[in-house]
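Okay, so here's the structure we're looking at.
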Amino acid sequence: MRTKKPVAIFTMGVFGFASEFGDAAEAAFFQALKDNNIDLFIDTRLRRGFMYGAYPYASKTRLIKKLSALGIGYAHLKDELAPTREIKNLPSDPDAPEKLSREYVCRYNHEILGIDTDGRPTESALNAEVIWARARELAERPDAIRPLLFCVEAEPQACHRSLAASELARQLHVEVIDLVASSAARRWRTDCSDRQVQQN
C-alpha cells in the first residue's frame, strides 16, 4: 500500500523560545506544535543532549516525554538528516552569519542529501518517500500527515533543516512551512497576558 504523503513539511528551531520570554518559553514551544496540529516531530540534530541551560525542554528525555503526553510521535533521523560533525563545525560566512555558508550548503547537499553542485541527484540521493516512511515507522505513527523537522537555530536559513525540508518537499510535492520561534513565543505571551487582564 502506498504511503500517504504529508500535507506539508513544517520546520522549527528551539532558539528564540528562551530568556526573552522567561517562563513562557517552554509553553510557547509546545503551543506552537499544538497550534499547527503537528503529529510527527522529526529530530534532525546530531546530538540530543542539549547543553544550553535555557532550553532544558529540548533535551532528549524531557522532550520525548512531553511530546508523548501531547500525542505527538517522535523520530530521530540522525543518520538520515543530521549534518556530520565536520559539516556542523564549518565556519560561518563572515558576511552573512545568519545564513548557512556556501561551503556548508554544498557539503550538506552532496554528503547528506545526495545532490551535486549542479542540483542533480547523485547515486546516493535521498529518497523522500523512504525517509517519510522511516520517520513514521520510528515514531509508530503510520497515520501521521503533519511532520515537523526540528533543530536548534531560530531562523530556518541558518539551519540545515531548511535544506532537508526543501528537498523532502520538492520530492513529495508539498510546501514548506517554517514556524519561527520568536514570533510564536511572542504571540503566546501576548495571548496569555490578554487572558490575565480579562480575568482581573
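The values are calculated or read from the model by the stated rules, or taken from the named source; none is laboratory data. Quick caveat, the model's predicted, so the values are computed rather than measured. All Cβ positions, glycine included, derive from the backbone under ideal geometry; neighbour counts span all protein chains shown.
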Polar (S, T, N, Q) and either outside any loop (DSSP other than H, G, I, E, B) or under 28 Å from Glu26 (Cα atoms) (or both), is that true of Thr117?
no
Subset of the range 95-132, residues over 18 Å from the mean Cα position of the chain (by Cα) and among the basic types (Lys, Arg), comes to Arg102, Arg107, Arg120
When the range 64-85 is checked residue by residue, the ones that are without any contact (Cβ under 8 Å) to a residue 12 or more places away in the chain and over 18 Å from Asn127 (Cα atoms) are Ile64, Lys65, Ser68, Ala69
Check Ala96, Ala154, Ala135 and return the single one that is outside any helix (DSSP H, G or I), among the aliphatic types (A, V, I, L, M) and closer than 16 Å to Arg45 by Cα.
Ala154
Pro147 at pLDDT 95 or above, within 21 Å of Leu33 (Cα to Cα) and surrounded by 13 or more Cβ atoms within 10 Å (Cβ to Cβ)
yes
Residue check for Phe50: closer than 25 Å to Leu138 by Cβ and modelled with pLDDT under 90
yes
For the range 178-189, indicate whether the set of residues that are within 18 Å of Leu40 (Cα to Cα), at pLDDT 95 or above and not in a loop (DSSP other than H, G, I, E, B) is non-empty.
no
Go through Ala75, Ala125, Ala133 for me and flag whichever is buried (at least 18 other Cβ atoms within 10 Å of the Cβ), at pLDDT 90 or above and farther than 17 Å from Gln157 by Cβ.
Ala75
Counting only residues that are assigned to a helix (DSSP H, G or I) and of a type in the set (Asp, Glu), which one in the range 71-93 is farthest from the chain's Cα centre (by Cα)?
Glu86
Criterion first (outside any loop (DSSP other than H, G, I, E, B) and either surrounded by fewer than 18 Cβ atoms within 10 Å (Cβ to Cβ) or modelled with pLDDT of 95 or more (or both)) does Phe30 satisfy it?
no
Return yes when Ala125 is free of Cβ contacts under 8 Å to residues at least 40 places away in the same chain, over 28 Å from Asp39 (Cβ atoms) and among the hydrophobic types (A, V, I, L, M, F, W, C) and no when it is not.
no
